[in-house]
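Visitor: Could you have a look at this structure, given as structure tokens, before my questions?
A short reminder: the numbers here are calculations on the coordinates, not readings from a lab. Because the structure is predicted, anything quoted here is derived from the model rather than measured. Virtual Cβ from ideal backbone geometry, glycine too; neighbours counted across all protein chains shown.
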Amino acid sequence: MNYQLNNFAAYPATEHSASKPPLSAFVGIVRHDNLFGTPLFEYNLERPLKKRLYRRLTLKVSLEAELHQGNVHCNSGIGNFKALREAQSYIEYPAL
């Protein structure tokens, strides 16, 4: 963890190389009692898929919630952002 303040923690995912950008992904986790959310969740879409940035960030959130015996709020994200990418919305159910 690189940053923590009360109920907020931030985790950057970096790649150390002079020819690559220094920051490839970032997740900010907010905790309220035993519920965890991710108001900040961003990754570089130009990075190769084999880097699995989305999966790494999602795993980090899940591991933090598990460590603190909490639950992750699975939100649907920003509607307009997903609509521009022709995504379809679905009702989400967290697995407990």
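Visitor: Between Leu23 and Lys50, what FRET efficiency comes out of the Förster formula 1/(1 + (r/R0)^6) with R0 = 25 Å and r the beta carbon distance, rounded to 0.05?
Guide: Efficiency computed from Cβ-Cβ geometry: 0.85.
Visitor: Between Leu63 and Leu40, what length in nm is gained on full extension when 0.36 nm per residue of separation is reduced by their alpha carbon distance?
Guide: Full extension of this stretch gives 6.6 nm more.
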